[in-house]
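Heads up: the structure comes next, in structure tokens.
The values are calculated or read from the model by the stated rules, or taken from the named source; none is laboratory data. Since this is a predicted model, take the numbers as computed values, not measurements. Reconstructed Cβ throughout: ideal geometry from the backbone, glycine too, with neighbour counts over all protein chains shown. These area figures cover heavy atoms from the full protein model, side chains too; ligands, DNA and RNA do not enter into them. Shrake-Rupley method; radii C 1.70, N 1.55, O 1.52, S 1.80 Å.
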Amino acid sequence: MPILVTGGAGFIGSHTCVELLNSNYEIIILDNFSNSNIESLNRLKELTGKNFEVYDVDLLDKENVDNIFKENHIEAVIHFAGLKAVGESVEKPNYYYQNNVTGTLVLTEMMQKYNVYNLVFSSSATVYGIPKAVPISEDFPLIATNPYGRTKLMIEKILRDLNVSNKDWSIASLRYFNPIGAHESGLIGEDPKGIPNNLMPYITQVATGKLPELSVFGNDYSTPDGTGVRDYIHVVDLAKGHIKALEKVLSTNGVESYNLGTGQGYSVLELVDAFEKASGQKIPYKIAPRRPGDIAECYADPSKAERELDWKSEKSLEEMCLDSWRWQERNPDGYLSKTVEIK
Ligand code: WQD
């Protein structure tokens with residue numbers, strides 16, 4: 001029976017679909033392509049040699065979501081579909097609550113209607129807000145500090161209420177730290193629209209010359225070199241964590257949240273240095289003012305996922321940089337560019 005992957009054309013969704021297909025799962029992809037490109041699915045077929053159904057559907061379109069469940073005997077759902085830009089969520093909170101929260105309510109309503117109770121949810125470390133300490137474990141206070149983070153926190157609480165109402169629900173909420181990297185083929189990767197908000201895609205666009213220099217948002221944090229420290233995790237390690245979480249929800253009931261991080265923090269300047277060494281590309285930068293809402297340090301205690309999901313990140317910072325660079329070098333304009341063959 002197929003696994004429904006909402007947002008399967010996106011950065012983490014597409015990498016998870018590679019792992020699902022390579023593990024011989026049958027998948028169905030739902031995506032409204034508002035923040036992804038259908039070319040990623042063409043690359044998915046090229047990479048895996050497998051085929052799958054794709055529905056160009058918005059989760060707010062209840063009738064068409066109903067049809068997907070009616071037409072397919074879905075076994076479980078991996079739910080990526082959602083908006084994820086912190087700054088944009090501050091400017092457009094209603095858009096974020098509608099899209100992320102209401103979209104999830106439609107999805108879970110259809111799941112209940114068709115007796116589908118296995119769900120892996122794409123949550124985020126942003127639910128911890130300004131953590132009281134590092135490393136962060138799952139029992140830390142949950143105090144989101146922006147509308148995007150509040151949508152993730154609200155959805156986690158909604159999912160817990162669903163399990164209270166019906167113990168058949170089997171749910172894993174995965175709290176991502178900072179996903180970077182790309183599939184080693186260079187065929188799929190992170191393809192943000194416009195100027196990247198996140199650090200690694202900004203660095204790779206400086207490396208290709210698309211952007212002139214990196215602005216380092218503050219070097220006066222209480223960290224070893226004054227720049228922000230984050231837990232960067234390879235997107236393929238993250239994808240594999242979803243397969244482990246799927247296996248768990250298929251074999252048990254209940255609701256659990258898991259940190260998917262490496263447990264190791266790196267500063268902005270450490271990432272720049274690692275990227276320069278791995279890619280051979282110089283990254284010019286300037287020190288700029290702090291970005292509102294940023295915190296000094298954020299990295300995971302991943303031990304619960306190691307214990308309960310039998311999952312642990314494996315890839316190094318060097319591999320994350322090498323794979324990010326290979327994707328960007330071969331796809332200077334993301335999915336809009338034909339893949340450039342690198343001799
Ligand atoms: C990382 C570090 C910046 C850009 C965000 C979301 C979070 C999650 C992951 C979805 C910080 C610095 C960045 C730049 C810089 N997304 N930086 N110059 O903010 O840790 O997390 O993405 O779940 O919800 O908040 O990631 O990559 O934006 O920033 O100096 O041009 O790089 O200050 O220290 P962040 P990021």
- [ ] For region 73-85, state whether one or more residues are open to solvent by 60 Å² or more (accessible area, probe 1.4 Å), touching a residue at least 24 places away in the same chain (Cβ under 8 Å), within 16 Å of the ligand (Cβ to nearest atom) and in a loop (DSSP other than H, G, I, E, B).
- [x] yes
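Rundown of residues vs (1) part of a strand (DSSP E or B); (2) open to solvent by less than 40 Å² (accessible area, probe 1.4 Å); (3) modelled with pLDDT of 95 or more, yes/no style:
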residue	(1), (2), (3)
Ile29	yes, yes, yes
Asn35	no, no, no
Arg43	no, yes, yes
Asn51	no, no, yes
Val65	no, yes, yes
Gly87	no, no, no
Tyr96	no, yes, yes
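Table: residues versus (1) under 16 Å from Pro131 (Cβ atoms); (2) within 14 Å of the ligand (Cβ to nearest atom).
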| residue | (1), (2) |
| --- | --- |
| Asp273 | no, yes |
| Ser279 | no, no |
| Pro289 | no, yes |
| Pro292 | no, yes |
| Asp301 | yes, no |
| Arg307 | no, no |
| Asp310 | no, no |
- [ ] Would you be able to tell me the number of residues in region 9-27 that are open to solvent by 50 Å² or more (accessible area, probe 1.4 Å) and among the aromatic types (Phe, Trp, Tyr)?
- [x] 1
- [ ] Filter region 150-170 down to residues that are among the acidic types (Asp, Glu) and assigned to a helix (DSSP H, G or I) and give me whichever is farthest from the ligand (Cβ to nearest atom).
- [x] Asp161
- [ ] Scan region 107-147 residue by residue and report those that are open to solvent by less than 20 Å² (accessible area, probe 1.4 Å), farther than 23 Å from Tyr232 by Cβ and hydroxyl-bearing (Ser, Thr, Tyr).
- [x] Thr108
TODO: Return yes or no: is Asn178 within 12 Å of the ligand (Cβ to nearest atom) and touching a helix residue (DSSP H, G or I) at 6+ places or on another chain (Cβ under 6 Å)?
DONE: no
Task: Sole exception among (1) farther than 14 Å from Met320 by Cα; (2) within 8 Å of the ligand (Cβ to nearest atom); (3) touching an Asp or Glu at 6+ places or on another chain (Cβ under 8 Å) for Met200, by number - done: (1)
TODO: For region 204-230, enumerate the residues that are aliphatic (A, V, I, L, M) and within 11 Å of the ligand (Cβ to nearest atom).
DONE: Val206, Leu211, Leu214, Val216, Val229
